[in-house]
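I have placed the structure first, in the form of structure tokens, so that the comments after it can refer back to it.
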Amino acid sequence: LAKTTQPISMDSYEGQEVNITCSHNNIATNDYITWYQQFPSQGPRFIIQGYKTKVTNEVASLFIPADRKSSTLSLPRVSLSDTAVYYCLVGAAASGGSYIPTFGRGTSLIVHP
Amino acid sequence: KAGVTQTPRYLIKTRGQQVTLSCSPISGHRSVSWYQQTPGQGLQFLFEYFSETQRNKGNFPGRFSGRQFSNSRSEMNVSTLELGDSALYLCASSSDTGGFGYTFGSGTRLTVV
């Protein structure tokens, strides 16, 4: 069971780069790492997903070391609108009854002017 | 393309009643998962349906049930409502490849009085 651990909260300022790390010591061979962003009273929004090394898209980068026991979500030049809760989720689709997806409590990011 | 649609958006029910929530996934997605989100417990996995079959189930009592239709639309039902069932219920669809690359709906806010 790939339990995840993230910092409860983080503070940053507009224009800075923010790195949020998630620990997942029990990650399985087939597991992927997926990050979500959630605003109050909305469903989580998919940000990025990776399996190993580095993945980059138009909004974020995901760094995964060789041992895959942690991952870091990097948000470049954050703005006030990036204030949200960020979750990492580890697992593989089609795992069926062998795995219960567990989101953890997430990281509350507050971006200050 | 259209996102995940959940209806209704808000619902108020009385203890002891039952409720049915509906979810229309993204076209082509055959996997539909349901989550309960509360301030105290965070995001908790209820169950997942794939091709009309429940493929995975979280640790919720039997009062929580669901089903999926041939067009991948899904419903979840909660019987004998309790005050503690008040929550945001989120539906998520995915393509069932790779990791948990969910697309979430906006949720149904259920209040039990």
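The values are calculated or read from the model by the stated rules, or taken from the named source; none is laboratory data. Only a predicted model underlies this, so the values are computations on that prediction, with no experimental measurement involved. Backbone-built Cβ (ideal geometry, glycine too); neighbour counts: all protein chains shown.
Summary of values
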quantity	calculated
Which listed residue is in contact (Cβ under 8 Å) with a residue 24 or more places away in the chain, in contact with a Gly (Cβ under 8 Å, 6 or more places away or on another chain), of a type in the set (D, E, K, R) and surrounded by fewer than 17 Cβ atoms within 10 Å (Cβ to Cβ), from B:Arg30, B:Arg9	B:Arg9
Near pairs, Cβ below 7 angstrom, 6+ apart or cross-chain, from region B:79-90 (within 9 Å of B:Val112 (Cα to Cα)) to any residue that is part of a loop (DSSP other than H, G, I, E, B) and among the basic types (Lys, Arg)	B:Leu81/B:Arg15; B:Glu82/B:Arg15; B:Leu83/B:Arg15
Residues of region B:94-113 that turn out to be more than 7 Å from chain A (Cβ to nearest Cβ) and of a type in the set (Ser, Thr, Tyr), as a count	3
Given (1) within 17 Å of A:Phe46 (Cβ to Cβ); (2) surrounded by 17 or more Cβ atoms within 10 Å (Cβ to Cβ); (3) touching a residue at least 60 places away in the same chain (Cβ under 8 Å), index of the condition B:Val19 fails	(1)
A:Tyr87, sole failed condition from (1) more than 14 Å from chain B (Cβ to nearest Cβ); (2) in contact (Cβ under 8 Å) with a residue 60 or more places away in the chain; (3) part of a strand (DSSP E or B)	(1)
Of all residues in region A:39-66 being part of a loop (DSSP other than H, G, I, E, B) and within 11 Å of another protein chain (Cβ to nearest Cβ), the one that is modelled with the lowest pLDDT	A:Ser41
Single unsatisfied condition, A:Tyr36 versus (1) surrounded by 13 or more Cβ atoms within 10 Å (Cβ to Cβ); (2) in contact with a strand residue (DSSP E or B) (Cβ under 6 Å, 6 or more places away or on another chain); (3) over 30 Å from B:Ser86 (Cα atoms); (4) within 14 Å of chain B (Cβ to nearest Cβ)	(3)
Those residues of region A:39-77 which are without any contact (Cβ under 8 Å) to a residue 24 or more places away in the chain, buried (at least 21 other Cβ atoms within 10 Å of the Cβ) and within 11 Å of the chain's Cα centre (by Cα), in sequence order	A:Gly50
Residue list for region A:79-103, filter: out of contact with any His (no Cβ under 8 Å at 6 or more places or on another chain), of a type in the set (A, V, I, L, M, F, W, C) and at pLDDT below 95	A:Leu89, A:Ala92, A:Ala93, A:Ala94, A:Ile100, A:Phe103
Options B:Gly28, B:Gly107: the member that is of a type in the set (Gly, Ala, Ser) and over 10 Å from the mean Cα position of the chain (by Cα)	B:Gly28
Qualifying strands (runs of 3 or more DSSP E) (wholly inside region B:1-85; at least 2 residues being more than 14 Å from chain A (Cβ to nearest Cβ))	B:10-13, B:19-24, B:64-68, B:74-78
